[in-house]
Amino acid sequence: MAIQQESAMSAEAMTVMCYSPDPARLEAIAARYRPMYQEASPFPHVAIDGLFPDEILRRVVAEIPPSNHPSWTVYGSGNPHANEGDGAKRSISQEPRLGPTTRNFLLQLNSATFIDFIQLLTGVTGLVGDPTYRGGGIHRTGRNGSLLAHSDADRHPMGDPFNQSINIIIFLNEGWQDAYRGALELWSRDGKQCERRITPIFNRTVIFESSADTYHGYPQPLECPADRYRDSLAMYYYEINRTASEHYAGHVDAVYWLNTPPPTANGEPSA
């Protein structure tokens, strides 16, 4: 669906590709994948191919600026001794720096319709989004870049009582090859080994629990061509005053990084 949006700055018409989630379709997908999510190891997660319209994601890709653009914030791999240069992990979270289709898409991921889908899929109720997309938005890593396995800190700008609960990553990489590396690795809750690897191919969406011991990352340096990047969209959902559990003891103040040898485990999502 496309709409004509009038630009107040230039008075020129702009075509915006809009994503409008279908509640009935999302409900059916949630019902199908919920058992997989709940039974997954090493922690609740699911990988779903084709969840979103290809044309929407291609428009998002077209809006991603070059890696040397000032809109990017560079984060790196989490290893303070790494020197990744242009390949270092970076992101754009600030809404004004995102393209119009990307902004519309992220707004829909924060909508009641889509949050209902996340709740039906995961069984977690009372979820809220973050309209600032703090730490989310567009993520990019290039050749020689990596991201150490880690568990996330709470990101919500208002802090307590918003406790991070569910992560969603949408991969944007058409023609991605296994030889490029960059698979999302899900590690055991004790942080000792990789138990699942998910190739970051185009329109593959990974949804997973965020707790103190849900370690994830892609610690092996990318071997993609110099002109290729591992691109993705990320969004985080929060519980208010999240109940303590075996895997969540309360507010997480800092990212916890693992620094262990690269794993050899492999795996792909179910069709």
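Yes or no, residue by residue, for (1) within 23 Å of Leu98 (Cα to Cα); (2) of a type outside the set (A, V, I, L, M); (3) part of a loop (DSSP other than H, G, I, E, B); (4) without any contact (Cβ under 8 Å) to a residue 12 or more places away in the chain:
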| position | (1), (2), (3), (4) |
| --- | --- |
| Arg134 | yes, yes, yes, no |
| Asn144 | no, yes, yes, no |
| Ala149 | no, no, no, no |
| Glu185 | no, yes, no, no |
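Listed here are the residues, each with its yes/no results for (1) surrounded by fewer than 21 Cβ atoms within 10 Å (Cβ to Cβ); (2) under 23 Å from Tyr180 (Cβ atoms); (3) without any contact (Cβ under 8 Å) to a residue 12 or more places away in the chain.
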{"site": "His69", "(1), (2), (3)": "yes, yes, yes"}
{"site": "Gly76", "(1), (2), (3)": "yes, yes, no"}
{"site": "Gln108", "(1), (2), (3)": "yes, no, no"}
{"site": "Val124", "(1), (2), (3)": "yes, no, no"}
Of Arg134, Arg204, the only residue that is surrounded by fewer than 22 Cβ atoms within 10 Å (Cβ to Cβ) and either under 27 Å from Ile56 (Cβ atoms) or among the hydrophobic types (A, V, I, L, M, F, W, C) (or both) is Arg134
Query - Flag for Asn163 being of a type in the set (S, T, N, Q), closer than 30 Å to Pro35 by Cβ, touching a Lys or Arg at 6+ places or on another chain (Cβ under 7 Å) and surrounded by fewer than 22 Cβ atoms within 10 Å (Cβ to Cβ) - result: yes
Residue match in the range 155-170 (condition: within 24 Å of Ala62 (Cβ to Cβ) and among the aromatic types (Phe, Trp, Tyr)): no
Tyr75 fails exactly one of (1) modelled with pLDDT of 95 or more; (2) under 25 Å from Arg189 (Cβ atoms), namely (1)
(request) Please indicate, with yes or no, whether at least one residue in the range 81-101 is at pLDDT 95 or above, in a helix (DSSP H, G or I), of a type in the set (S, T, N, Q) and touching a Phe, Trp or Tyr at 6+ places or on another chain (Cβ under 7 Å). (result) no
With criteria (1) farther than 20 Å from Tyr215 by Cα; (2) of a type outside the set (Gly, Ala, Ser); (3) touching a strand residue (DSSP E or B) at 6+ places or on another chain (Cβ under 7 Å), Asn79 comes up short on (1)
Problem - Meets criteria (over 26 Å from Phe105 (Cα atoms), out of contact with any Pro (no Cβ under 6 Å at 6 or more places or on another chain) and surrounded by fewer than 23 Cβ atoms within 10 Å (Cβ to Cβ)) for Ala234 - result: no
When the range 164-183 is checked residue by residue, the ones that are closer than 17 Å to Phe43 by Cβ, in contact with a helix residue (DSSP H, G or I) (Cβ under 9 Å, 6 or more places away or on another chain) and either outside any strand (DSSP E or B) or among the β-branched types (Val, Ile, Thr) (or both) are Ile166, Ile168
Can you find a residue in the range 177-195 that is touching a Gly at 6+ places or on another chain (Cβ under 9 Å), at pLDDT 95 or above, more than 30 Å from Met17 (Cα to Cα) and surrounded by fewer than 22 Cβ atoms within 10 Å (Cβ to Cβ)?
yes
Is it fair to say Glu185 is under 12 Å from Ala149 (Cα atoms), in contact with a Lys or Arg (Cβ under 8 Å, 6 or more places away or on another chain) and among the charged types (D, E, K, R)?
yes
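If I filter the range 1-31 down to residues being modelled with pLDDT under 50, of a type in the set (S, T, N, Q) and not in a loop (DSSP other than H, G, I, E, B), which single residue comes out as surrounded by the most Cβ atoms within 10 Å (Cβ to Cβ)? Spell out how you get there, then give the answer.
Filtering the range 1-31 down to residues modelled with pLDDT under 50 leaves 3-13.
Imposing the further condition that a residue be of a type in the set (S, T, N, Q) reduces the set to 4-5, 7, 10.
Next, from what is left, pick out any that are not in a loop (DSSP other than H, G, I, E, B): 4-5.
Details: Gln4: 8, Gln5: 13.
Out of the qualifying residues, it is Gln5.
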The residue from Thr141, Thr199 that alone is closer than 19 Å to Val74 by Cα and either surrounded by fewer than 21 Cβ atoms within 10 Å (Cβ to Cβ) or modelled with pLDDT of 95 or more (or both) is Thr141
- prompt: Is it fair to say Ala112 is small (Gly, Ala, Ser), farther than 20 Å from Tyr180 by Cα and either in contact with a Pro (Cβ under 9 Å, 6 or more places away or on another chain) or surrounded by fewer than 16 Cβ atoms within 10 Å (Cβ to Cβ) (or both)?
  reply: yes
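The values are calculated or read from the model by the stated rules, or taken from the named source; none is laboratory data. All values reported here derive from a predicted model rather than from experimental measurement. No Cβ is skipped: glycine too gets one built from the backbone with ideal geometry, and neighbour counts run over all protein chains shown.
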